[in-house]
1. Give segment D:241-259 a look and list any residue that's more than 7 Å from every other protein chain (Cβ to nearest Cβ) and in a strand (DSSP E or B), or say none.
2. From B:GLU114, B:GLU134, which residue is in contact with a Leu (Cβ under 6 Å, 6 or more places away or on another chain), surrounded by fewer than 24 Cβ atoms within 10 Å (Cβ to Cβ), at pLDDT 95 or above and of a type in the set (Asp, Glu)?
3. Determine if segment C:150-171 includes at least one residue that is more than 8 Å from chain D (Cβ to nearest Cβ), closer than 16 Å to C:ILE308 by Cβ, at pLDDT 95 or above and within 14 Å of the chain's Cα centre (by Cα).
4. Give the residues of segment C:202-246 that are out of contact with any strand residue (DSSP E or B) (no Cβ under 8 Å at 6 or more places or on another chain) and at pLDDT 95 or above, sorted by residue number.
5. Among the numbered criteria (1) in the same structural domain as A:ILE9 (by TED's automatic domain parsing); (2) of a type in the set (A, V, I, L, M); (3) over 26 Å from A:ARG161 (Cα atoms), which one does A:LEU109 miss?
6. Regarding D:ALA34, is this residue within 27 Å of D:ILE177 (Cβ to Cβ), surrounded by 15 or more Cβ atoms within 10 Å (Cβ to Cβ), more than 14 Å from chain C (Cβ to nearest Cβ) and in contact with a strand residue (DSSP E or B) (Cβ under 6 Å, 6 or more places away or on another chain)?
7. Considering only segment A:292-305, I want to know if a residue exists there that is more than 30 Å from B:GLY158 (Cβ to Cβ), of a type in the set (Val, Ile, Thr) and within 11 Å of chain B (Cβ to nearest Cβ).
8. Can you spot a residue in segment D:227-236 that is assigned to a helix (DSSP H, G or I), touching a residue at least 60 places away in the same chain (Cβ under 8 Å) and at negative phi?
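The values are calculated or read from the model by the stated rules, or taken from the named source; none is laboratory data. The structure displayed is predicted, hence computed values, not measured ones. Ideal geometry is used to build each Cβ from the backbone, glycine not excepted, and the neighbour counts take in all protein chains shown.
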4 protein chains.
Amino acid sequence: MTDLRFGIIGWGYWGPKIARNLDSLPYAKVTMVADLDTNRLAALTLNQYQTWVQTTTQVVDIFHSNIDGIVIATPVRTHYRLAKEALLYGKHVLVEKPLTDNVAEAEELVALAEQQQRVLMVGHTFEYSPAVNELRKLLQSGDLGKIYRIEAERVNLGLFRSDVNVIWDLAPHDMSILLYLLGKKPVQIRVQAHAHIQSHIHDDAHLDLSFADGIAAHIHVSWLHPCKIRRVTVIGDMRMAVYDDTSPAEMLKIYNKGADAHADPVISYRNGEIIIPYIDWIEPLRLECEDFANSIRTAGQPRAHGGIGLEVVRVLATAQETLEQQERQQVAVMV
Amino acid sequence: MTDLRFGIIGWGYWGPKIARNLDSLPYAKVTMVADLDTNRLAALTLNQYQTWVQTTTQVVDIFHSNIDGIVIATPVRTHYRLAKEALLYGKHVLVEKPLTDNVAEAEELVALAEQQQRVLMVGHTFEYSPAVNELRKLLQSGDLGKIYRIEAERVNLGLFRSDVNVIWDLAPHDMSILLYLLGKKPVQIRVQAHAHIQSHIHDDAHLDLSFADGIAAHIHVSWLHPCKIRRVTVIGDMRMAVYDDTSPAEMLKIYNKGADAHADPVISYRNGEIIIPYIDWIEPLRLECEDFANSIRTAGQPRAHGGIGLEVVRVLATAQETLEQQERQQVAVMV
Amino acid sequence: MTDLRFGIIGWGYWGPKIARNLDSLPYAKVTMVADLDTNRLAALTLNQYQTWVQTTTQVVDIFHSNIDGIVIATPVRTHYRLAKEALLYGKHVLVEKPLTDNVAEAEELVALAEQQQRVLMVGHTFEYSPAVNELRKLLQSGDLGKIYRIEAERVNLGLFRSDVNVIWDLAPHDMSILLYLLGKKPVQIRVQAHAHIQSHIHDDAHLDLSFADGIAAHIHVSWLHPCKIRRVTVIGDMRMAVYDDTSPAEMLKIYNKGADAHADPVISYRNGEIIIPYIDWIEPLRLECEDFANSIRTAGQPRAHGGIGLEVVRVLATAQETLEQQERQQVAVMV
Amino acid sequence: MTDLRFGIIGWGYWGPKIARNLDSLPYAKVTMVADLDTNRLAALTLNQYQTWVQTTTQVVDIFHSNIDGIVIATPVRTHYRLAKEALLYGKHVLVEKPLTDNVAEAEELVALAEQQQRVLMVGHTFEYSPAVNELRKLLQSGDLGKIYRIEAERVNLGLFRSDVNVIWDLAPHDMSILLYLLGKKPVQIRVQAHAHIQSHIHDDAHLDLSFADGIAAHIHVSWLHPCKIRRVTVIGDMRMAVYDDTSPAEMLKIYNKGADAHADPVISYRNGEIIIPYIDWIEPLRLECEDFANSIRTAGQPRAHGGIGLEVVRVLATAQETLEQQERQQVAVMV
C-alpha cells in the first residue's frame, strides 16, 4: 500500500503540530507546505528533517500536486475559499476550527464534499480527547443520571486576535464538546459579552444555552484572565463530573453527590465518594490526524465531520447575531 | 462603662455564630434570644454556658427589654417587619443580608433609622474580610491600573432554599463586595438563570453588570455545583488579582501580567511574577460584630450601613425584574 | 445522673481547647482551672461565659476538690509528677502527649493507674481522627494488600520549643498513628536529625523504623519548613493511600496502583482509579474528650490508654538514645 | 562552517530525546545510532524522517566514523568502557548520569578526557533547568540569607531497575542539584534505605548529608510511591524557597518567612509574602545539548563537565558503602 500524501496550507501555530502528527503515522507523509510568508517556509527548510518537503507560496501548487489530503490551518476568513477549491480539485480536506465564519458557506462546503465524495473534517480536537470520551461514556451510560446542566470555561491571558472575537476563536471547542456530550442541539442562546482591549472585538463572553428536556449549558470564554482554566462541569441528578484539561493527573473527577429534589419538605443532600478514573492518555491531535487519514483510506466519515462543523458554526452565528442585536437595542434594564 | 446588651432574633445558622462573636467582645453581652422553635431554645439553655441568657418565643419580649442592639437572623421576608419594629422601639439593628426583599421597604428602613437616630446595619460579612480589604487597597492605590472587569463565583452544592432564589440568597455577598471594591453602582444588568431542582426557584444564575468607564462585572451564584468555589477575580490593565476565600494560605494572589492594548500591530503581553501577600487574619464576623458594637457606642456609621444594604437590594431587585421580564417575553433567539 | 466534673491544669494552647470540648458534652462540666500564670487566669475569668469556673494558681486545690477527671496540659517535664499525684488523689487523668519524657516514669504511671483503678489516658488526638480511622479500616480489611511502608510528614515553621526537641514535640502524633495503624511495635529505629536554630535542640528529624514482616516506616518532623505538611502515605502491594490532614475536602486518597514484584523478567505496573471516600467529619478532640468521659463513666479503657502512651515514649526514648549515641560516636563516613 | 556530526549509543528512553534536541540545533546533525536491539533500530528507520541516519548494532562503527561527538545512553555498567573507547578514538563524549558506577573509573575518564583534550560531559539535566538556575541565583545573591538546609524529594511509582538501586538511578539528579546550588561537597553522609520489591535492590532511600558551616541536606528517592513528587526546598534564615518541577505555572515559590534564632527569651517568627517569579522556560535537555555542542565548537568546558560527574559518583559511592556497612553491622538499636 502506498503512503497517503498530505499538504499543509498555513505554517503558523497549528500547521507544524498537525504535520508532526501526520508524519508520525506509519502510512502518511507530509509532502508539501504552502504559506505566504517566506520566512516561515525558510525556517522549515532549514530544519534538516524536512528537506524533502516541498514549500511554496502558491497555494495552487498544492492543488495541482498528487497530494491526497489537505490541511487548512489559515485565518478563519480564508477557510471557505481554500476548502472549496481543495474539494473541487478532488482533495480530502481537514479545516481548522471553526469550519467557516458563516452558515451559508459551511452548508455549501458540506454539500460540496458530499457531491465530490471527499472527506471534509474540522479540527475539533477535543472530540478526540480521551478524557472527553470517558466523560461522554458517563453521560451515555446513565451513570450521572438525568443531566441538569453543563458548564464550560476556557479562559487565559491572550492570544488576542484581530480578525475574530473570542466567541469564534475559543467557543468552537466548547460548542463541539457540548454537542458531542449531549448529542443534541441547543434551542435557545443568550450572550453576555464585552470588548475591553480592542474596540468592537469582544474578548470576554458568557453564553447561556438551553437544550430540550430542561438541560442548560453555560460557556465562559475569555482572552483576559490571569489563570489558564479549561474545565467542563457536568451536573446530573445522580452524580457530577469535572473535566479539567490543565490537570494531567486528575483530568476527570466524578462526584457521587447530589440534591434530592423530591424530598419533602426540605431538600436532602447526598455526599459520597469522589472517583478519579485512570485515563490512558494519547495526544488528541494524533487521534484526530489518524481519524483523518483513516477516513480517507476507508472512505468513511470522521468523528468531527463537516456536518458537526456546520452545527457549531450555526450556534456561533446565532450567538453573534444575538450579541449584535443586543448592542443595537440596549435592551438591558437600567438600575 | 456598662456593657452593651444584645438580643438575637432567630436561633438558626447565623444566630449562634453572631452571639458567640458579640459575647467575645469585652464590653458586650448577649442577654436574650428569641425563636419560634422551642427545641432550638431548649438546646441553647441545655448548654450550661448560656444559663443566664433569657430565651423567649415572643419577639416582643426583646423589644420591651433594656437591650441596646438587636440582631435579626430570620428568613428574609420577616426582615422588614422586625427591623422596623426594633427601630421604633429605639433599638439599634443588625439585619442579616439581604436587608429586605424589595426596594421600598429597604428605603423605609434606612429613612426610619436616620429619623430614630439608631444604627441600621446589614450583615455584609465579606466587607469585613481582611483579604477583601487588602484587595480594595490594591484597587484604590492604582496598583492594578485601570480596571477592566471583575468576576465573582460563589457556588457549591446546597443549601437550597424555598423562600428565595439563589440570587437573593448568595449574590448579596458578591454585590456588596463589588460595590465595596469599586465604590460605584452598576448602570446595567443582564441575567441568565435556571431553575433545575425546584420549579420557579432559580438555583443557578449568571449576572452581568456594566459600570461607568467600561468596567464590567460578572457574578455566578449556584446551589448546584460539585465544588465549593468562592472566588473574586479583578482584571486591571497593569495587574490582575484573585481572591480565593477557600484557600486560607493563598487567599490573595496578585499577577503582574497583562495585555498591552496600545501595541501595534499586534497586542503584546507582559508576564511577570505572582505575589501572595501575607494577610493577618481575623474572623470577618468578629470584625462585623465589633463594628456594630462600636457604632452603637460612638453613634457612628458602620461600614455595612443601611444605605449600602439598600444599594444591594436595588441591584438584586433589578436582576429579579429582568429575569421575570425575560421569562415573560422569551426574547432569546431560537437556533 | 450527676455531671462529671473536670479540672484543667495548664491554661496554655491545649487547655482551653480541651475545656471547650469537655463542656460541650451534655454530662460533663469543667469546674476548675489551675495555672501558674495569673494573667492567663485573669483572661479566663474576664470571659463572662466562664464566671462559675474556679481558677487557682495552686494545683493542690484541684487535687483536693470533688473533681472526677483531671486534664494535664503542661510542659512535658511536669507530666509525671502531676499525673502521679492526681492518680494518688484518686482522680482520672488525661495527659497531653507525650505521656512522660522517659520510659521508667511512664511505666510507673501505667502501673499506678492500674493499681488505683483509675483511667490514665494520653492526648493522642489523631487516633480519634475519622480519616485515620478510615485509613486503619483499609489496612485491616486487607484492601491495601500487603503493607510495604508508611511515610509520615509533620512539618511547618515553628513553634520552636526550648524544653524538648522536635522529636518529642511532634513525633508522638506520628508514632501513635503508626502503632494504631499497624498494631505492632517497631523492632529497629534509625535517626537523622539536625539542630539549626537552637544549639543542641534538634529542630528537624528523620526517623526510620523497621517492623516485623519487612514493613518500614519513615517519619519526618520539623519546625523549620516553609509549608505546613501533615501527611501519611501507606504503600501496599495492592493499593496505596495518602491521608493529608491539611486538605479537608480530599483528606484520604486511595490509589489503585502498584508494582507487581513477581512479574518476570521486568516488573509490571498497574495504574487504576483514585478513590476519595466521603468522610463524616467530627472534630477529633471532641471524640477524644468523649472517650475520656465515657471511660470514666463505664470504668472502661480509652482508645489512647496509658499503655499506648508508654509504647510511644519507648520509641521516642530509643530514638533519642540513638541520636545521642550517633553524636558521640560520629560514626558517619566522611566523603 | 560545517555541521557537527553526532552519534548515539543506546536507543532506549533517553537516546531519541537527546537526538531530537541535537537535531534541532542549527549546526548539529545526528548521523549514526547504535543499539544491540535490531527492533529498536528498525522502528527508527521506519520513521521516514530519519532515513539518512545510519543504524548499526556494532558500536565500533560509530567509533570508526567521522562523527564528532558521541552520546552514551546505555545502562550504567557500560558507561566506563564505552566512554573510554570513545575518548581514545578522539571523540567528544556526553554520558548519561551517573557518569560511572564507581569512583576509580570516573577518575580515569576525567583524566583521559583531559589528556585527549576532548569534552567529557555528563547528563545532569537539572543543572540546565531555568528554575534551578533561578534558585541558584537566590542562594548566591544572599536573598535567602544564611542557608540552614535543603530537602530534595524525587519519588514516583516506577520505573524499577534491576541493574542499579534507586540511589544510583535517581539521586544523581538531586546530588548534582545540591552541588550546583551550594558549590561545595558534603563532609558526611548517612543512609536509610529499604528493598521492598526486589531483594537486595533498594527502592526507597533517605540520604542525610552534612556540609561545612552547619548546612544539612536531605534527599528522598523512591520508586515506590503513589504520587510523582520532584521538589527541592531551600531553607535560609531570611527566606525559604520551594522548587516544584511538577508545577509548571508555579515552579519556584519564595517565602519571606523565618524564625529569628536570636530573639530572647522566645523565638519569634516572621510571616511575609510569597513571591512566584516568572521563569522563561526552555527545555533543559535542549540547553544541555546546546552546551555539549558549544563546548565542542569552542573547546570549552560544559557546565556539567566530567569533574562534576565524578563528584556525584563519589557521593553516591560513599552512600552505597555506608548502606552496605550498615547492613553488615546491623548497628541500629533495638526498641
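1. Once the filter is applied, which keeps residues that are more than 7 Å from every other protein chain (Cβ to nearest Cβ) and in a strand (DSSP E or B), segment D:241-259 yields D:ALA241, D:TYR243, D:ASP244, D:LEU252, D:LYS253, D:ILE254, D:ASN256, D:GLY258.
2. Answer to the selection: B:GLU134.
3. Looking for residues that are more than 8 Å from chain D (Cβ to nearest Cβ), closer than 16 Å to C:ILE308 by Cβ, at pLDDT 95 or above and within 14 Å of the chain's Cα centre (by Cα), one finds at least one in segment C:150-171, hence yes.
4. Those that are out of contact with any strand residue (DSSP E or B) (no Cβ under 8 Å at 6 or more places or on another chain) and at pLDDT 95 or above: none in segment C:202-246.
5. Condition not satisfied by A:LEU109: (3).
6. Judged against the criteria, D:ALA34 is not a match.
7. No - not one qualifying residue is present in segment A:292-305.
8. no
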